[in-house]
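The values are calculated or read from the model by the stated rules, or taken from the named source; none is laboratory data. Nothing here was measured: the structure is a model prediction, and the numbers come from that model. Glycine also receives a Cβ, built like all others from the backbone with ideal geometry; neighbour counts cover every protein chain displayed. Ligands, DNA and RNA are stripped out before the accessible areas are found, and what is left, the full protein with its side chains, is counted by its heavy atoms. Shrake-Rupley method; radii C 1.70, N 1.55, O 1.52, S 1.80 Å.
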Amino acid sequence: MNHDFLWGGATASYQCEGAWKEDDKVKSMWDHYLHEENLENGDIASDHYHRYEEDIRMMAEGGQNSYRFSLSWPRIIKNKEGDVNEKGIEFYHKILDTCKKYGIEPFVTIYHWDLPQYWEETGGWLNEEVCYAYQHYAKVCFDNFKDKITHWVTFNEPKWFICSGYLIGNYPPAHQNPQETIKAAFHVMYANALGVKAFREGNYPGNIGIVHSFTPVNGIDDTVETKIAMRYADNYCNNWILDTAAKGEIPIDLLTALSKIYDISFIKPKHLKTIKENTVDFLGLNYYSRTLVKPYTEGETVLIVNHKGKESKGESKVILKGWFEQVLHDPNMTYTEWDTEIYPKGLQEGLIEVYQRYHLPIYITENGVGVQEDVSVDQVQDDYRIAFMNDHINAIMNAMDEGVDVKGYYAWSSFDLYSWKNGCKKRYGLVAVDFEDNLKRKPKKSYYWYKEMIQNNGKTIKREKY
Ligand code: BG6
């Protein structure tokens with residue numbers, strides 16, 4: 001690790017800020033959806049809006065030199081006309097100034113899923129106008145924060161929020177419609193290019209990338225059928241984001257396969273030109289697990305996500321009709337209570353593959369394990385998290401030994417926060433937040449482990465070659 005390596009933790013506006021209608025913030029699609037459905041929400045979350053100083057100070061005291069967080073569109077832009085909410089701008093200036101005060105490098109995501117509800121009501125990501133609205137919002141961010149931010153991210157995880165929102169239906173707007181999924185996905189990638197374009201045209205300092213929910217694809221065997229299934233899975237999971245953002249090209253075999261069943265006539269030459277001309281400077285990869293696939297056998301598409309943890313363990317299922325099936329319950333592998341396979345080797349192999357494909361600098365922008373924990377104790381003894389982080393940082397180091405240009409690592413998450421449809425009981429934080437006791441912050445054992453590891457520049461990692 002060189003001395004510029006960024007070590008930190010990550011959060012997202014909706015998941016940690018709370019203050020959902022304070023200082024003229026308008027409703028996001030998540031506020032609307034969770035209130036309508038009467039589900040656990042992020043109205044208060046970790047109350048980072050009021051406790052950011054304590055949180056950022058703890059990052060610095062924990063030896064971290066960077067903080068990845070997101071800006072909230074509905075806090076910054078008041079309406080469809082694009083009017084700016086100065087109080088929102090002021091809030092992020094306070095965060096950025098606090099980062100500076102504690103020697104923390106900000107790594108900032110412009111969009112982490114909290115679309116203003118006033119845009120959702122016009123069709124959200126199905127409406128091309130939203131792409132231009134995103135570009136305006138991104139420009140407002142660049143103009144206001146250009147002196148304080150050099151690491152920008154256009155979008156967090158297009159695959160995850162688009163497939164969840166339009167195909168699986170477990171996230172807002174909770175549709176289950178493949179045709180819509182394709183259109184919304186395309187619009188997000190177009191908006192990504194428009195954001196990069198605005199960044200280039202404004203000559204802002206720093207660099208801009210995209211963050212992807214990276215699940216490298218493995219097959220159960222070497223047969224031709226499995227190889228075909230793997231390519232479908234890779235296109236579905238990874239390539240439509242990474243190829244499009246990094247090379248400016250949507251995979252042609254994916255477009256061909258889609259065009260046989262769906263209408264893709266909304267893709268026009270002007271969009272493709274913008275995408276081609278505006279590629280990213282770096283890739284952010286969020287790594288939780290791989291996708292292990294086998295050939296499709298029969299039946300309709302089934303996409304079931306476990307949002308309950310232990311009580312639903314084993315219920316997750318992924319079958320994409322005609323394309324592939326995901327192996328999610330291999331008795332030889334280890335899974336979390338939420339059915340996520342623990343597979344650090346996938347990170348090592350995936351990093352090598354992505355670097356060979358795109359030759360761009362890479363940040364691991366999220367990595368962590370979600371667990372139910374009793375945080376009423378003085379210190380959570382999260383040895384499982386320490387083991388998880390050790391093994392994944394080891395995998396990164398192995399990839400770096402092979403020449404991969406990794407520039408930073410962010411634990412998900414800096415502190416406990418609201419985990420979308422899993423609520424607050426699924427905890428990822430290095431610092432515990434006691435939601436039952438005044439949101440008290442208490443560093444977990446992993447926080448101190450991480451501190452020591454950073455101070456020793458990774459030398460305390462137990463190394464293993466996979
Ligand atoms: C990533 C997101 O998908 O994974 C985060 O960027 C999210 O916002 C994290 O919280 C963990 O997923 P989950 O569903 O367990 O909270």
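How many angstrom separate the Cα center of region 213-252 from the Cα center of region 443-463?
34
Hey, what do the phi angles of region 451-457 turn into as Karplus ³J(HN,Hα) couplings, whole Hz, using 6.51/-1.76/1.60 and θ = phi - 60°, x for Gly and Pro?
4, 5, 4, 5, 4, 9, 6
Can you tell me the accessible area per residue over the chain, all protein chains present, probe 1.4 angstrom, in square angstrom?
With the other protein chains kept in place, the chain gives 39 Å² per residue.
Taking amide H atoms as placed 1.01 Å from N in the peptide plane, list the residues 5 or more away in sequence, or in a different chain, whose amide H sits under 5 Å from that of LYS407.
Under 5 Å from the amide H of LYS407 lie the amide H atoms of ILE362, TYR363, ILE364, each far enough along the sequence or on another chain.
Could you give me the ³J(HN,Hα) list for region 88-104, computed from phi with Karplus coefficients 6.51, -1.76, 1.60 and θ = phi - 60°, whole Hz, x at Gly and Pro?
x, 4, 4, 4, 6, 4, 5, 4, 5, 5, 5, 4, 4, 4, 9, x, 10
Hey, can you grab everything whose amide H is under 5 Å from the amide H of TYR67? Only 5+ residues off in sequence or another chain; H modelled, so Pro and N-termini drop out.
Result for TYR67 returns GLU105, PHE107.
Once fully extended, how much extra length lies between GLU436 and GLU54, figured as 0.36 nm per residue of separation less the alpha-carbon to alpha-carbon distance?
So the extension gain works out to 135.7 nm.
Going by amide H atoms built from the backbone, whose H comes under 5 Å of the H on TRP113, apart from near neighbours?
ASN156
Evaluate the distance, in nm, between pseudo-label points positioned 7 Å from the Cα of TYR448 and of ASP23 along their respective Cα→Cβ axes.
Going from the TYR448 label point to the ASP23 one covers 3.4 nm.
Across region 226-237, in residue order, what do the Karplus-derived ³J(HN,Hα) couplings come to in whole Hz, using 6.51 cos²θ - 1.76 cosθ + 1.60 with θ = phi - 60° and x for Gly and Pro?
Ordered by residue, 3J(HN,Hα) equals 5, 4, 5, 4, 4, 5, 4, 5, 5, 5, 5, 7 Hz.
Shape verdict for the chain, please, from the Cα gyration tensor: rounded (a/c under 1.5), prolate (a/b greater than b/c) or oblate.
Rounded, because the longest to shortest axis ratio a/c is under 1.5.
For the chain, calculate the relative contact order in percent as a whole number, restricting contacts to Cα pairs under 8 Å that are 6 or more residues apart.
Answer for the chain is 16 percent.
Let me check something: with ligands and nucleic acids excluded, how do THR98, THR301 order by accessible area (1.4 Å probe), largest to smallest?
Ranking THR98, THR301 by accessible area, largest first, yields THR301, THR98.
What does the charge count around LYS27 come to, taking other residues whose C-beta lies under 12 Å from its C-beta (Lys +1, Arg +1, Asp -1, Glu -1)?
Taking every Cβ under 12 Å from that of LYS27, the sum is -3.
Could you give me the percent of Cα pairs per 5 Å distance bin for region 347-466, shortest bin first, beginning at zero and ending with the bin that holds the maximum distance?
2, 11, 20, 20, 16, 13, 10, 5, 2, 0
For the chain, which span is the longest to avoid every loop-located (per DSSP) member of trypsin sites (Lys or Arg not before Pro) having at most 14 other Cβ atoms inside 10 Å?
81-320
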